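The values are calculated or read from the model by the stated rules, or taken from the named source; none is laboratory data. All values derive from a computational prediction rather than experimental measurement. Cβ: placed from backbone, ideal geometry, glycine included. Neighbour counts: every protein chain shown. The accessibility values were calculated without ligands, DNA or RNA, using every heavy atom of the protein model including side chains. Shrake-Rupley method; radii C 1.70, N 1.55, O 1.52, S 1.80 Å.
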Amino acid sequence: MPGPKTWQLTAGATAFGLALAAGAVALAGPWDSGQRTAERARAASAQARGGAHHQRADPDAPAPAPSAAPVLAALGTPGRAPVATVLPSALAPLLADPALGPRPAASVIDTATGQELYASRADAAMTPASTVKIATATAVLTALPPGHRFGTSVVADADGARLTLVGGGDPTLDRARLGALADDTARALSARSVDRVRLTYDASLFAGNPVHPIGPNENLAPVVALMTDEGRTAVAAGGAQEGLDSGPDSGPDSGPGTRTADPAGDTAHAFAALLRGHGVRVEQPAPGAAPAGAKPLASTLSAPLTDIVERMLTTSDNDIAEALNRQSALATGRPATFQGGAEAVSAQLAKLQLPLAASVFTDGSGLARADKVTAGLLTRMLALAAGAAHPELRPILTGLPVAGFTGTLSARYGTTSAATGLVRAKTGTLGGAGVNTLAGTAVDASGRLLAFAFLTAGTPGADPAPTQKALDRLATRLTAH
């Protein structure tokens, strides 16, 4: 017999699909990639087998849900509609929990109608922590095409004796892809009968100070246009660090870790070593622009932008967030700096006619305590992503962690929680600052998709767990409405 998680994940996936279907939008990008492919495959598999007694082909897969008649009404159909007068009495006592600090803020919106169902200090500007990544995602998804890929390339002069490794601002470049780039480069050199080269590297696409204003830390490498594995040299042990929402799924490519001070130089030296492994004699690499007239020799491309946005939101990846902010700056004709990225976010949100009063953007990751947004802005961005008018924003919803299952929510909620599988939300934590936030979507008892945002400041104690549990209770209450 399937456990509570299986039942709730099935219900959550069904309701979420119904909500998106109501928007009459079907995108190839996020629905055909990464996490969404896996979720769709599981749902299709469960529907195909059906029934509590059907066997699973994969013993490690979740148990199939029992056959049952549909129980959720489509978004916007007649049924028990959310009533704005009901939620205040339900949420106000939960919002008064001392664990949420002296003055929390809240906003809840029906994504189908745009109706504000609940608001408490929804226009108050507060530090968002990592929920600012929703704004980062909104900006870049409207500044660049959904299928855009970031490239890292090797160019060569006329005789092939001088190579330049050119960073294209891809925050997802890893050792495997760098190795494949070296393989392709070695083959191209062999075809030209070149076995000795000079190597320079060009990371000039991004400008300004690469170090975040909070200083060097384990949550973010220097933001440069050429790096491998996000500049990680080792993964830190222990719990959440400032500005990072860590979970048990953290590994070598997520969570806090020791970082190199020179990601571009280290990448160039690693690339040189890979070429030497192919028998190419390479001088020590040095920074420098490609010579005039240099031609492409080899390249590697990132996954599509939609996939990268999903990954950023699911794992709360600060390095990806800051790189995407700079890409938004470049796409809108601004310098690829912290300031340029912040200006690009404000400009893109203004184009969408979102409520920006009192908002302050200083980075893309939310590590900066100077960032300020309102709960109302967060819910309006989420509602926009759920609507039909802006299908390019759909990866914001598909990238949100699933309560009890994925990303930074995998260790929150639980098998007996009514919200498991029905809540998808971006978390935010600034350790030592008393800031904890939660913003995302919840499927209510009528099958409607609600957008919510809960922001806190000045929460008591150093342990964020009590505040996070109080936030989770608020989100859980929405599923029972």
Worksheet item: Tally time: how many residues in the stretch 173-206 are surrounded by fewer than 21 Cβ atoms within 10 Å (Cβ to Cβ), within 23 Å of the chain's Cα centre (by Cα) and in a loop (DSSP other than H, G, I, E, B)?
Response: 2
Worksheet entry | Test: Leu474 is part of a helix (DSSP H, G or I) and touching a Leu at 6+ places or on another chain (Cβ under 6 Å) | yes
Item to complete: From Asp266, Asp262, Asp229, grab the single residue that is on the phi > 0 side of the Ramachandran plot and modelled with pLDDT of 95 or more.
Response: Asp229
Discussion item. Within the stretch 295-317, does at least one residue satisfy the condition of being open to solvent by 40 Å² or more (accessible area, probe 1.4 Å), in a loop (DSSP other than H, G, I, E, B), at negative phi and charged (D, E, K, R)?
Written reply: no
Fill in: Residue in the stretch 437-450 that is farthest from Asn219 (Cα to Cα), counting only those that are open to solvent by less than 10 Å² (accessible area, probe 1.4 Å) and polar (S, T, N, Q)
Thr441
Worksheet item: When you go through (1) part of a helix (DSSP H, G or I); (2) within 22 Å of Ile308 (Cα to Cα) one by one for Gln468, which number turns out not to apply?
Response: (2)
Worksheet item: With respect to Ala139, is the statement that it is more than 22 Å from the chain's Cα centre (by Cα), closer than 25 Å to Ser365 by Cβ and crowded, with 20+ Cβ neighbours inside 10 Å true?
Response: no
Worksheet item: Restricting the first residue to the stretch 402-424 and requiring it to be over 15 Å from Thr437 (Cα atoms), which pairs with a second residue that is open to solvent by 30 Å² or more (accessible area, probe 1.4 Å) and β-branched (Val, Ile, Thr) meet a Cβ separation below 7 Å and a spacing of at least six or different chains?
Response: Gly407/Thr315; Ser417/Thr476; Ala418/Thr476; Ala419/Thr476
Discussion item. So, in the stretch 84-111, exactly how many residues are at pLDDT 95 or above and within 29 Å of Ala389 (Cβ to Cβ)?
Written reply: 8
Practice prompt. Would you mind telling me which numbered condition in (1) at negative phi; (2) open to solvent by 20 Å² or more (accessible area, probe 1.4 Å); (3) out of contact with any Ser or Thr (no Cβ under 6 Å at 6 or more places or on another chain); (4) of a type in the set (A, V, I, L, M, F, W, C) Leu430 fails?
Written response: (2)
Practice prompt. Can you tell me which residue within the stretch 344-369, out of those that are among the hydroxyl-bearing types (Ser, Thr, Tyr) and more than 13 Å from Pro213 (Cβ to Cβ), is nearest to the chain's Cα centre (by Cα)?
Written response: Ser346
Worksheet item: Say we look at the stretch 451-465 and pick out the residues that are within 13 Å of Pro104 (Cβ to Cβ) and open to solvent by 10 Å² or more (accessible area, probe 1.4 Å); which of these is nearest to the chain's Cα centre (by Cα)?
Response: Ala457
Item to complete: Test Arg121 against the stated conditions and say whether it is touching a helix residue (DSSP H, G or I) at 6+ places or on another chain (Cβ under 9 Å), surrounded by fewer than 23 Cβ atoms within 10 Å (Cβ to Cβ) and farther than 30 Å from Ser190 by Cβ.
Response: yes
Discussion item. If I ask for residues that are touching a Lys or Arg at 6+ places or on another chain (Cβ under 7 Å), under 16 Å from Lys133 (Cα atoms) and open to solvent by 40 Å² or more (accessible area, probe 1.4 Å), which ones from the stretch 336-393 would you list?
Written reply: Glu343, Val360
Worksheet item: For the stretch 407-423, how many residues meet the condition of being touching a Gly at 6+ places or on another chain (Cβ under 9 Å) and open to solvent by 10 Å² or more (accessible area, probe 1.4 Å)?
Response: 9
